[in-house]
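Visitor: Could you have a look at this structure, given as structure tokens, before my questions?
Taken together, the values in this text are just the output of simple stated rules run on the coordinates, not laboratory data. As the structure is a prediction and not an experimental result, all values here were calculated from the model. Here the Cβ is made from the backbone with ideal geometry for all residues, glycine too, and neighbour counts use every protein chain on show.
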């Protein structure tokens with residue numbers, strides 16, 4: 001009987017904080033189970049031992065911020081049967097995409113003592129801006145159980161089942177009183193994708209939107225609520241320009257209130 005080859009998994013990093021890769025390592029016991037089903041062929045965060053492609057599944061963390069990155073992601077796409085972008089940076093450009101609203105040269109001259117040595121693109125862009133992406137997993141960092149669901153789905157040839165609802169549903173499921181209704185604290189929960197288990201509202205803080213916009217998010221209605229809570233346009237812009245600042249729903253809403 002022929003021995004079935006284990007699918008080869010590669011994990012790649014671009015401009016990011018490594019948090020999403022650490023989420024995979026945080027799977028611990030679950031990761032051991034995954035390792036029995038796949039060959040972790042390339043994962044420099046976990047091991048220096050590597051196996052050459054092509055790869056069955058590539059997980060890509062981080063945004064594209066240099067010309068070298070833009071060229072490298074093309075090579076990864078060609079050597080990968082399936083490519084999954086994981087985290088805010090890979091799916092929307094990340095917190096570093098705040099530079100997209102300004103001239104990056106202004107930041108370089110302030111931050112670096114020798115700006116002439118810095119070679120970077122004008123914008124921080126998601127992986128999908130450069131190559132075809134088979135699936136995007138949102139979050140900053142991603143939810144490890146959602147990641148395991150994605151891997152399991154692709155191993156079994158089905159579509160991943162990740163929740164499309166908002167953080168508000170998570171608040172209700174864990175019995176957390178709405179901080180916006182009860183305490184008047186501005187919260188992005190109504191328009192933010194579930195996955196964090198409503199951590200911030202459970203500590204009486206408004207959601208910061210680190211899992212990005214949910215499907216059909218009504219950002220305009222939420223902004224109206226923020227205004228009634230006493231927020232001015234500047235603070236509304238700051239609310240939407242965070243982890244997922246350049247995602248279409250959040251970007252468009254911030255531009256409505258940006259009068260600079």
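Visitor: For residue 229 and residue 204, what is the calculated FRET efficiency with R₀ set at 25 Å and r taken between the beta-carbons, to the nearest 0.05?
Guide: Values: r = 15 Å, r/R0 = 0.61.
That pair, residue 229 with residue 204, gives E of 0.95.
Visitor: While we're looking at this one, here's another question. List 149, 136 from most exposed to least, where exposure is judged by having the fewest other Cβ atoms within 10 Å. All intermediate terms of the calculation are to be shown ahead of the outcome.
Guide: Values: 149 16, 136 19.
Result, fewest neighbours first: 149, 136.
Visitor: Taking 8 Å as the Cα distance limit and 6 or more residues as the minimum spacing, I'd like the relative contact order of segment 41-163 as a percentage.
Guide: On the way: 179 pairs, mean separation 33.0, N = 123.
Relative CO of segment 41-163 lands at 27 percent.
Visitor: Rule-of-thumb check for segment 8-155: C-alpha Rg over 2.2 N^0.38 Å?
Guide: Output field value: 1.08.
Visitor: With the cut-off at 1.5 for a/c, could you classify segment 83-182 from its C-alpha gyration tensor as rounded, prolate or oblate? Before the final figure, lay out the partial values.
Guide: Working: a/c = 3.38, a/b = 1.51, b/c = 2.24.
Judged from the Cα gyration tensor, segment 83-182 comes out oblate (a/c at least 1.5, b/c at or above a/b).
Visitor: Which of the three applies to segment 167-257, rounded, prolate or oblate, going by the alpha-carbon gyration tensor with a ≥ b ≥ c and a/c under 1.5 meaning rounded?
Guide: In terms of gyration-tensor shape, oblate.
Visitor: So, one more: Extension gain residue 109-residue 122, at 0.36 nm per residue separation less the Cα-Cα distance, in nm?
Guide: On the way: separation 13, 0.36 × 13 = 4.68 nm, distance 1.37 nm.
The span from residue 109 to residue 122 would gain 3.3 nm if fully extended.
Visitor: Now for a separate question. For the chain, what does the alpha-carbon gyration tensor say about shape, rounded, prolate or oblate, given a ≥ b ≥ c as the root eigenvalues, a/c under 1.5 as rounded, and a/b over b/c as prolate?
Guide: Working: a/c = 2.37, a/b = 1.33, b/c = 1.78.
Oblate.
Visitor: Can you tell me the length gained on complete extension of the stretch residue 72 to residue 169, counting 0.36 nm per residue apart and subtracting the Cα distance?
Guide: On the way: separation 97, 0.36 × 97 = 34.92 nm, distance 3.90 nm.
Gain on stretching residue 72 to residue 169: 31.0 nm.
Visitor: Along Cα→Cβ, 7 Å out, is where each label goes; now give me the distance between the ones at residue 39 and residue 256 in nm to one decimal.
Guide: 5.2
Visitor: Okay, moving on. How do the peptides 93-99, 115-121 rank, highest first, by the average count of neighbouring beta carbon atoms within 10 Å per residue? Spell out each step's value before the answer.
Guide: On the way: 93-99: 22.7, 115-121: 11.9.
Descending packing order for the listed peptides: 93-99, 115-121.
Visitor: Something else: For a footprinting-style exposure proxy, rank 28, 61 by other Cβ within 10 Å, fewest first.
Guide: On the way: 28 8, 61 29.
Ranking 28, 61 by Cβ neighbours within 10 Å, fewest first, gives 28, 61.
Visitor: Additional query: For the chain, what does -39500 (n - 2.57) per DSSP helix run (n ≥ 4), summed and divided by total residues, give at 222 nm, in deg cm²/dmol to the nearest 500?
Guide: On the way: 12 runs with 99 residues, N = 260.
Value at 222 nm, helices only: -10500 deg cm²/dmol.
Visitor: Order these by the 10 Å Cβ neighbour count, fewest first: 177, 111, 167.
Guide: Details: 177 12, 111 9, 167 28.
So the residues, fewest neighbours to most, are 111, 177, 167.
Visitor: What number, in percent, do you get for the relative contact order of the chain if the mean sequence gap of Cα pairs under 8 Å and at least 6 apart is divided by its residue count? Walk me through the intermediate numbers first.
Guide: Values: 468 pairs, mean separation 41.4, N = 260.
The normalised contact order for the chain reaches 16 percent.
Visitor: Just for the chain, what percent of DSSP beta bridges are antiparallel, to the closest 5? Provide the component values of the computation, followed by the final result.
Guide: Numbers: 5 of 23 bridges.
That works out to approximately 20 percent antiparallel.
Visitor: Compute the label zone of residue 221 within segment 173-191: residues whose backbone N is under 11 Å from the point 7 Å along Cα-to-Cβ.
Guide: Backbone N within reach: 190-191.
Visitor: Let me ask another. Gap in Å between the Cα centre of segment 1-66 and the Cα centre of segment 79-131?
Guide: Cα centres, segment 79-131 to segment 1-66: 22 Å.
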